[in-house]
Each structure stands twice: as structure tokens, then as C-alpha cells.
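Visitor: Can you read through this structure? Questions will come right after.
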């Protein structure tokens, strides 16, 4: 359970939002909306603990995430604007190392499965710098499949994806939520995700 | 939820950085070639009198090593910052300082160790005797990791800043100076036939202290820089 209390976020001299409160339970999806510069990415980064809030706190199972970093990070996958994909490494190496650095036991089969499911079968041994932007995005998204985590925090996950990949990602998100996972995502487009409990927060409001 | 293994994490961090360095060999070679060229230019500029060269050799080699080490600092975190990997490193379920220490070790292996390995060649070029060359290598083995560790703090503080390179130099150069003084001083004492224990002890103390303190400072600096 992720709980946000009285969150205030400031960038430079500019206050992005304040007094933000919400609670996200297992099996829920939170859809953040807002115009450019309204603080969506800052909110996501604050929720992950990458940014310190100006005021308020983020609680994971009742404890401040800054106090239980390792425990919280173990249950979190964050996908930012940048895919965290190393161009010199192949898709498989990227995925394997990301898992090993998190200390997860990486079974080669499950990694290959994740890559295949993202539609990159046959390209797992190419350095990712030769892949297209959409394909790199797919490699980044394969992490969601390869490494099980309770909470997915996705910043504009549909960017650069083609229609098929968008559908696939929607299905993955819906499945994850149905299996009692939690997803927080931002999009600019309307995205219909076929799952029961969707909550919306509009940062412009 | 499986318990994440810190040892696997450290090992793969180290392996990852070494593999990346091997696939970007040009970057690694820049540091070494800079070091070799700077030292090799001295006999041409100063003149071929072996006595003068022998006298300035420790200082020249140490200054060149120091500059080469600083040249390589920019790469320590900037690539990872630009492609978003640094954010993911901050989100690893492990103590950041230990992860950072592994990154610095990998950085030293590709940028510091080659300097140590090639230093005897440069020592010979400048007319140092065998004993002095031995001492030179030991001081570099003790000293270059200190440069990498201290430099990592500066690199972490300036990651993502434009013109960060200049700022890193200003930040870390004052901290490098004691290492330079005692590193070059040890070789000079050896050449003059004096004992080097005091110099070596101090270099060892610098290494021990920076190994303990620098990773924590670097970890904190990274969290601030990415805030």
C-alpha cells in the first residue's frame, strides 16, 4: 500500500503542487494527468524516492520510504523518460545485468521469454544502439516482465511504441493490476486499460 | 519476494563497467595515451640531459598521472546519467555507497591500473634507476586509487552540470595535492637514498581513509545531484 500525505513539490522557485493526498492499494491503477510542466515526472520521481519532497511524506506499508529504502526499492520498478538501456550492451545483457545488479536471480529462460514477448525475438544478441527508438523502449519494458515487482511506476510508457506494442503494454498493465499489483503511470493520450480500479489524478486541477 | 544478494549486485556492477569499458576502448586508451605523451614530451622540451631528467622524473610522472586520472573522471557517472542508468542505480535495493565503491574500483582498473603498469617504461625513459622505479610503482598503486576515490566525489557532485569538467578540477585538485606531494616525495627520497617508510605510510593512510569515507560522500552527492 502506497500512501501519500500532504505532498508538496517545488522545482527551483516554482511550486508544482501541494497538499497532494492519495492512497493506492494493491490491485489499483493510478493514472496521472496534467499539462506539460505540471509536475507529473517530479511526482513520480518523488514517489520513487529519487527526489526529496518539499513537504509531506510518501509511505510504503505505513513507513516512510526514505527510512526503508532497500525494502521499498526491492518492490519497485521505475521506468523513466530515459530507458536506462546501454547502447553497447545487447538486449539480453541489458536485462540480465539490470536484474543481477538488483540482486535478483536471473534465469536465462525467463529473460529470453520476456524479450520474445516484447517482440524482439532474434534481436536479443544485437547491441541495443542499432535498435530503433521503439525497440529500445521495448527492451526497457521487458524489465517489467523479467523482474517481478509489486509497484510499477511508469513515466509516459506509451511513448515511441507502435499500435501493437501499446496494446501489449495495456494488457500487461491490466494483468499486473488484476494480480494485485500496483501501477502508477502518466500519459498524454487517453488510454483505455481494461481493468476495474482506475483512479485519476489531474495535476492541473 | 526473494532477498536480493549484495554480492551478486557488486559483482555485476563491476563486470558491467568493465564490459562497457572494453566495448568503448577508445575512451580507456585516451587516459593512457595522454599519460604517455605528456611524460614523453618532457625530454623534448627540457633537453636530453639525463641528470636534469632524473631529478624531475618523479614529479613529472606523478603530475601526468594526476592529470590523466582527472581527465578520466568525467566519464565516471556522465554516461550512466545520460541514458538514465544512474537513476536505476540509485533505485537498487542495496547500500548505494557499496555499489559506488564497485563502480570506482572498475574505474580505477581501466584508468588507474594501466598508468601503474606503464610507469616503469616512463621511469626508464627519464633515467630513473631500478629501485626508484619500484618505489614509483608502489606509490602509484597506493596513490591512484585515492585519486579515483576522491575524484568520484567531485564527479558525483557535478554530474549533469554543463561545464562540470572545470568544476571537478577545482573541487578535487586541492584534495589531490597531498597525494602528489607524498607520491612524488617518496620517489625523490628513494633516489636520494633516504627512507621512504613515512611517505608510504601516509599514502597508505590516505588510501584507507578515502576508501572508507569517499563512497559515502559520493553516494550522498549522487542523491543530491539527481534530486
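Visitor: What about residue B:34, is it more than 14 Å from chain A (Cβ to nearest Cβ) and outside any loop (DSSP other than H, G, I, E, B)? Please lay out each step first, then the result.
Guide: On the way: more than 14 Å from chain A (Cβ to nearest Cβ): yes; outside any loop (DSSP other than H, G, I, E, B): yes.
So residue B:34 passes the test.
Visitor: Buried (at least 18 other Cβ atoms within 10 Å of the Cβ) and either out of contact with any strand residue (DSSP E or B) (no Cβ under 9 Å at 6 or more places or on another chain) or modelled with pLDDT under 85 (or both): is that true of residue A:185 in this structure?
Guide: Numbers: buried (at least 18 other Cβ atoms within 10 Å of the Cβ): yes; either out of contact with any strand residue (DSSP E or B) (no Cβ under 9 Å at 6 or more places or on another chain) or modelled with pLDDT under 85 (or both): no.
Answer is no for this residue.
Visitor: Go over the candidates B:198, B:214, B:186 one by one and state the one that is surrounded by fewer than 16 Cβ atoms within 10 Å (Cβ to Cβ), touching a helix residue (DSSP H, G or I) at 6+ places or on another chain (Cβ under 9 Å) and away from every other protein chain (no Cβ under 14 Å). Write out each step before concluding.
Guide: Details: B:214 fails: surrounded by fewer than 16 Cβ atoms within 10 Å (Cβ to Cβ); B:186 fails: surrounded by fewer than 16 Cβ atoms within 10 Å (Cβ to Cβ).
It is B:198.
Visitor: Which of the residues spanning the stretch A:143-158 are on the phi < 0 side of the Ramachandran plot, part of a loop (DSSP other than H, G, I, E, B) and touching a residue at least 24 places away in the same chain (Cβ under 8 Å)? Spell out how you get there, then give the answer.
Guide: Going residue by residue through the stretch A:143-158, those that are on the phi < 0 side of the Ramachandran plot are A:143-155, A:157-158.
Add one more test, that the residue is part of a loop (DSSP other than H, G, I, E, B), and what stays is A:147-150, A:157-158.
Passing the criteria: A:147, A:149, A:150, A:157, A:158.
Visitor: Right, here's the next one. Step by step: first the residues of the stretch B:81-103, then only those that are farther than 19 Å from residue B:8 by Cβ and more than 8 Å from chain A (Cβ to nearest Cβ), then the one that is surrounded by the most Cβ atoms within 10 Å (Cβ to Cβ). Which residue is that? Give the steps one after another, and end with the answer.
Guide: Within the stretch B:81-103, the first condition is being farther than 19 Å from residue B:8 by Cβ, and the residues that meet it are B:81-84, B:86-87.
So of that shortlist, the ones also more than 8 Å from chain A (Cβ to nearest Cβ) come out as B:81, B:86.
Numbers: B:81: 19, B:86: 22.
Ranking the candidates gives B:86 first.
Visitor: How many residues, within the stretch B:1-31, are within 14 Å of another protein chain (Cβ to nearest Cβ), touching a helix residue (DSSP H, G or I) at 6+ places or on another chain (Cβ under 9 Å) and either within 25 Å of residue B:184 (Cα to Cα) or not in a loop (DSSP other than H, G, I, E, B) (or both)?
Guide: 18
Visitor: Could I ask something else about it? Identify, from the list A:109, A:125, the residue that is farther than 23 Å from residue A:45 by Cβ and in contact with a strand residue (DSSP E or B) (Cβ under 7 Å, 6 or more places away or on another chain).
Guide: Working: A:109 fails: in contact with a strand residue (DSSP E or B) (Cβ under 7 Å, 6 or more places away or on another chain).
Result of the check over A:109, A:125: A:125.
Visitor: Taking the conditions exactly as written (touching a residue at least 60 places away in the same chain (Cβ under 8 Å), more than 22 Å from residue B:170 (Cβ to Cβ) and surrounded by 14 or more Cβ atoms within 10 Å (Cβ to Cβ)), does residue B:54 satisfy them or not? Before you say what the answer is, go through the steps one by one.
Guide: Details: touching a residue at least 60 places away in the same chain (Cβ under 8 Å): yes; more than 22 Å from residue B:170 (Cβ to Cβ): yes; surrounded by 14 or more Cβ atoms within 10 Å (Cβ to Cβ): yes.
Considered against the rule, which asks whether it is touching a residue at least 60 places away in the same chain (Cβ under 8 Å), more than 22 Å from residue B:170 (Cβ to Cβ) and surrounded by 14 or more Cβ atoms within 10 Å (Cβ to Cβ), residue B:54 comes out as yes.
Visitor: Which one of the conditions (1) away from chain B (no Cβ under 14 Å); (2) buried (at least 19 other Cβ atoms within 10 Å of the Cβ) does residue A:33 fail to meet, given that it meets all the rest?
Guide: (2)
Visitor: Something else now. So which helices (runs of 4 or more DSSP H) stay within the stretch A:60-142 end to end and still have 1 or more residues that are within 11 Å of chain B (Cβ to nearest Cβ), within 22 Å of residue B:90 (Cα to Cα) and in contact with a helix residue (DSSP H, G or I) (Cβ under 8 Å, 6 or more places away or on another chain)? First the steps, then the outcome.
Guide: Values: elements: A:69-73, A:91-101, A:108-117.
Those helices (runs of 4 or more DSSP H) span A:91-101.
Visitor: What are the pairs, 6+ residues apart or on separate chains, where a residue within the stretch B:72-94 that is free of Cβ contacts under 8 Å to residues at least 12 places away in the same chain has its Cβ under 6 Å from a residue that is not in a loop (DSSP other than H, G, I, E, B)?
Guide: B:80/B:86; B:91/A:73; B:91/A:78
Visitor: Another question, then. Kindly indicate whether residue B:172 is more than 14 Å from every other protein chain (Cβ to nearest Cβ), surrounded by 17 or more Cβ atoms within 10 Å (Cβ to Cβ) and within 30 Å of residue B:186 (Cβ to Cβ).
Guide: On the way: more than 14 Å from every other protein chain (Cβ to nearest Cβ): yes; surrounded by 17 or more Cβ atoms within 10 Å (Cβ to Cβ): yes; within 30 Å of residue B:186 (Cβ to Cβ): yes.
The answer is yes for residue B:172.
Visitor: Kindly list, by first and then second residue, each pair from a residue in the stretch B:125-153 that is more than 13 Å from residue B:179 (Cα to Cα) to a residue that is not in a helix (DSSP H, G or I), limited to pairs with Cβ atoms under 6 Å and residues at least 6 apart or on different chains.
Guide: B:135/B:196
The values are calculated or read from the model by the stated rules, or taken from the named source; none is laboratory data. Being a predicted model, the structure only gives us computed values, none of them experimental. Every residue, glycine as well, gets a Cβ built from its backbone with ideal geometry; the counts of neighbours run over all protein chains shown.
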